[in-house]
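Here's the structure, in structure tokens; my notes come after.
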Amino acid sequence: MTGTTGLCGFVVSADRTLAQITLRGRPTGAAGGATVAPRPGVELAFDRAGGWLSRVIVAARPHGGVMAADKETVTWIASVFGAATAETVRKVPDGEIRCPPLRPRQETLSALSLLARLEAARVSSPVPGSPLWVAEAADLATRAGLPFPSLALSPPSVPVASPGNLGSTIPADVMRLLADGARRPCATASTRRPEAFLDLGFVPHEVFRPGLWPGLDLDVRVHGNGTPRIAVEAALLPGAMQRGLADCRVRLVDAGARRVLAVAALRAGSPSLAWAELPAPACLRGLARSGLAWVEVVGDRRRPVQGTRLRRMRRALRWADAALRAESRPNGLAPELTDEQWTGLASLAWDRCRANWEAAGDISRASLAATRHAAIRGTRRAHPFLAELVRDPRVRR
């Protein structure tokens, strides 16, 4: 965004049912989007990887046959995107019209983009309770001209957890690939073990501790021969047992038929670990071989089972999240990994992201992930969010 004189290609539409006006620009790419609400009634969406503005949503109400934003919102739009954009959203007729080029204040828009992506990174971080997230958010909010940012003024409710040594728990097959200098992941799926996926959008906030790598989110093992069982373990954030773990369930699902095969409650085995055990049905081997058997965690046992395509789309976003984290080289979380190994992890994660977008049938986003995968080894360090760079999350460097 820096150095541009305007953002072209936006279209404006009004929705009476949703009571909002939407400015749509370039869609988000392989890593999805991140949102920020800089003032009541305004939401901005940015691409997580490239940082560009993708969408502006403005609250509106019917006024004389058109949809109109309130005066304060129009004033804010004018201050950030220019008078022409403000006039466009002041009154929008039904249908879709082309918006004149947005003329944003570049420093403000860049800070808002970083602020949105910061919060998206915090939510999926193994250390979401670090006070450095708040410090970084406060700095970005000041740059964006936001005097009362909710993220900057509301520290996370979880206690600060030491990052620990997460690098040694990265799957052995991935570490072997890095040691051998391989560029592409190998096939490691077991014919007995189902795929595992911790979708952070389906569980209570600040309960589970995501891994640096999606393969670390859940530990799934099939054991026993006569009557096999599926053992599942999930890492917890400090204090999680008092905040909603009791409502969470582990499910074994058939993604193709969208049905639940087995379900069990999660139990706290320790302050930092929850576990559950599921019966392994006779069809598990066949479903696992075809990629239709999934172990998942949900905060509501009544949540419908996702189909294969939507599941692959969300898994692609999770891999992109891991790739972006690896690009920032968060040495405080795995200090023994070298820059070259972090680059290797980012490259592998983008390739897994590509494969999932392809499986979901989104060739455009798969191509974007493939391009990122091909170029990642020649890139320099991405913007490092402070909370993930320090060894001690209480000390700012």
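The values are calculated or read from the model by the stated rules, or taken from the named source; none is laboratory data. Keep in mind the model is a prediction, meaning the values are calculated, not measured. A quick note on method: Cβ atoms are made from the backbone with ideal geometry, for glycine too, and the neighbour counts reach across all protein chains shown.
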Q | Among (1) touching a residue at least 12 places away in the same chain (Cβ under 8 Å); (2) farther than 30 Å from TRP319 by Cβ; (3) touching a helix residue (DSSP H, G or I) at 6+ places or on another chain (Cβ under 7 Å); (4) surrounded by 15 or more Cβ atoms within 10 Å (Cβ to Cβ), the one test that GLU107 misses | A | (4)
Q) Among the residues of the stretch 308-320, how many are touching a Lys or Arg at 6+ places or on another chain (Cβ under 8 Å) and either in the same structural domain as GLU195 (by TED's automatic domain parsing) or not small (Gly, Ala, Ser) (or both)? A) 1
Q. In the stretch 73-83, is there at least one residue being on the phi > 0 side of the Ramachandran plot and in contact with a helix residue (DSSP H, G or I) (Cβ under 9 Å, 6 or more places away or on another chain)?
A. no
**Q.** Selected residue (only one of LEU118, LEU102 is over 21 Å from the mean Cα position of the chain (by Cα) and closer than 22 Å to LEU146 by Cα)
**A.** LEU102
**Q.** Scan of the stretch 30-58 for residues that are within 19 Å of SER13 (Cα to Cα), in contact with a Lys or Arg (Cβ under 6 Å, 6 or more places away or on another chain) and among the charged types (D, E, K, R), ordered by number
**A.** ARG55
(Q) Please pick out the residue among ASP94, ASP70 that is acidic (Asp, Glu) and touching a residue at least 40 places away in the same chain (Cβ under 8 Å). (A) ASP94
Q. What is the one condition in (1) in a loop (DSSP other than H, G, I, E, B); (2) surrounded by fewer than 16 Cβ atoms within 10 Å (Cβ to Cβ) that ALA30 does not satisfy?
A. (2)
